[in-house]
Structure formats: structure tokens, C-alpha cells
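J.: Please see the structure below; I have some questions.
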Amino acid sequence: MSKRFLIVCRQPPYGSSFAREALDMALACAAFEQRVALLFLGDGVLQLAGAQQAEAIGQKPLDKQLGALPLYDVDALYADADALAARGLSDTTLALPVQALDGAGIRALLTEQDIVLGF
Amino acid sequence: MHTFAILVLGAPVSSQSVHTAYEFARAALAAGHRIERVFFYHDGVLCGNQLQIAAGGERALPVQWSELAGAHGVDLVVCVASALKRGVVDEAEARRYGKAAGNLQDGFELSGLGQWVDACLKADRVITFGP
């Protein structure tokens, strides 16, 4: 049996472990053969920034870990276009390809899901 | 009648969401709904720490969860990966890692994220509390 899971990431990559544990949740859902998508909102889009130097604060770089998602067949990554623009992020500065959505796109994505888990 | 899977992310005391989750579970059961499983993840795993002492002689939240679950046959599962990092261990894990004692509240069990996915598949309502 398979359901559509959407993991909503609203927290920045560091400062708390929410980003890391949301990623663990996404990977676990994929490992148990569920359909998984991730949606990055607000400061959550900062998780997607490339060239993170997390070692300087004793952490592992989250962008490298997000890079593991395609290995688990998770390639449905979405981000709020306005949040990306407000933080100066674009295709050239993102660590991995995401589909940018406007408000209507986000609403449509949410309604397609069976389960939405917010982090 | 609905079947719920409940995900608790917040830390007890620090986050109101933990108490809200408990009150929600109580209300749902009282209204005749079923709870497939409560899964404690992230800081929510601290809800399983039986060493918590509530102020003013009240019963600590882990005890309240445990009593509610016992009365209604609800599964209380603490994510083992999140729990070990935060110092919540059962007797078996305490022995494995050379700790003096386990501190997992009776009525809770340590298990993996697969238990959460399983609960999501069996439930028709999934609700997250916290951060």
C-alpha cells in the first residue's frame, strides 16, 4: 500500500535539528516505498542554498544530505517562488533543482496529497 | 468514527503543543474515535522520559500519556534514533550502551520510523503537533 506524503520544511537548515529530522522522515517514507515530495516554505528555502559550510559550526552540510534524495527516488522537490526570491536564491545558487511554485501552485500541490507532515 | 495517527514533535514543558496533543488524544478517544498510534519524534521523544518531575504534585506528562494509552489500548512509540541522541533509553538500550539505567516510561516503546509510516497507512486522519 502506498500513500502520497508531503514533507513541508519551514525551518532554516541550522539552529535547530528540524531540517535534519524532516529529511530523515522523507528518506524513511521513501525507504518504505511511499510516494514522497518535499515543499520548502519561508526560511525553509535556505536549506536548498548551495555551498553550505556547516563544518564551521560543528554540523554536517544539509545541502549535501539533500543531494541523497534522488538516490531514494525522491525527486519531487518544490519551493515557494516568493520565498526563494526574497532570500536571493535562484537556479544558480541552489544546491539541487527544485520546482518553484506560486501560491496557486502550492495550494494545488497540497490538495494532491494524502498526508502532509509539517516541520 | 475516524482512526488517527498522531505525530508529536515538540518538547514537553518548552512547547505547548505536547499538552495540546494529549488533550486532542483524550478528546478523540472520548468521542469514540480510534488512535492507531502516537509517534514521538524530534524533541517529542522527551515525552517518554519517566524522570520528569511535575511541579506542585501534579502527574508528569509521561505518566498521563501512559495512563491514557493503557486505558484505551493506544500504541505509544518513541523514535529510537531521535531518543538515543536525547538520552531517552529503555533497559535494553541502556545495557547496550553501558548506561546505568533506562528511563523510558512504562507504556512507551522505542522503535523506528517504519512504525510511523505503518500508522499513516492504517489511519484515515494524520495530525502533527509542534514544533
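J.: Any chance you could check the Cα centroid distance between the range A:70-119 and the range B:55-131 for me, in angstrom?
T.: For the range A:70-119 versus the range B:55-131, the Cα centre distance is 32 Å.
J.: Tell me which residues come under 5 Å, amide H to amide H, from B:Val126 once H is placed; ignore anything under 5 positions away on its chain.
T.: Excluding prolines and chain starts, which carry no amide H, the hits are B:Ala5.
J.: Another question, then. Whole percent per 5 Å bin, from 0 to the bin with the longest distance: what is P(r) over all C-alpha pairs of the range B:3-129?
T.: Bin by bin from 0 Å, the calculated values are 2, 12, 22, 25, 21, 11, 5, 2, 0.
J.: Given bins 5 angstrom wide, list per bin the percent of all Cα-Cα distances in the range A:15-108, short to long.
T.: 3, 13, 24, 24, 21, 11, 3, 1
J.: Viscosity 1.002 mPa s, temperature 20 °C: Stokes-Einstein D of the range B:1-70 from its Kirkwood Cα radius, in µm² per second?
T.: 172
J.: Right, next: When the helices in chain A are scored as -39500 (n - 2.57) per DSSP H run of 4 or longer and the sum is shared across all residues, what 222 nm value do you end up with, to the nearest 500 deg cm²/dmol? Don't skip to the answer; put the middle values down first.
T.: Working: 4 runs with 34 residues, N = 119.
-8000 deg cm²/dmol, from helical runs alone.
J.: Most exposed first by the Cβ proxy, i.e. fewest other Cβ within 10 Å, how do B:Ile6, B:Ile127, A:Ile115, A:Ile57 rank?
T.: Going from least to most buried by this count: A:Ile57, B:Ile127, A:Ile115, B:Ile6.
J.: Can you compute 3J(HN,Hα) from phi for each residue in the range B:42-48, using the Karplus curve 6.51 cos²θ - 1.76 cosθ + 1.60 with θ = phi - 60°, rounded to whole Hz and x for Gly and Pro?
T.: 6, 5, x, 4, 5, 5, x
J.: In Å³ and rounded to a whole number, note down the convex hull volume per residue for the Cα atoms of the protein assembly as shown.
T.: Taking only Cα atoms, the protein assembly as shown has a hull volume of 147 Å³ per residue.
J.: Let me ask another. Using modelled backbone amide H atoms (1.01 Å from N, in-plane), which distant-in-sequence or interchain residues come within less than 5 Å of B:Val78's amide H?
T.: Counting only residues 5 or more places away or on other chains, the set is B:Phe40, B:Glu109, B:Leu110, B:Ser111.
J.: In nm, to one decimal, how far is the B:Gln52 label point from the B:Tyr97 one, both placed 7 Å along Cα→Cβ?
T.: So the two model labels end up 1.9 nm from each other.
J.: Follow-up question, since we're still on this one. In whole Hz and in residue order, list the ³J(HN,Hα) couplings for the range A:94-109 that follow from phi through the Karplus curve 6.51 cos²θ - 1.76 cosθ + 1.60, θ = phi - 60°; x for Gly and Pro.
T.: Rounded to whole hertz, the list is 8, 6, 8, x, 10, 9, 7, 10, 8, x, 5, x, 5, 4, 5, 4.
J.: Further question: Work the Kirkwood hydrodynamic radius out for the range B:39-78: mean of 1/r over every pair of different alpha-carbon atoms, inverted, in Å.
T.: 10.7
J.: Largest first and in whole Å, give the semi-axes of the range B:92-131's equivalent ellipsoid, each being the square root of 5 times a Cα gyration tensor eigenvalue.
T.: One finds semi-axes of 29, 12, 9 Å for the range B:92-131.
Laboratory data are not the source of any read-out in this text; all were calculated from the coordinates shown. Please read all numbers here as calculations on a predicted model, not as lab measurements. All Cβ positions, glycine included, derive from the backbone under ideal geometry; neighbour counts span all protein chains shown.
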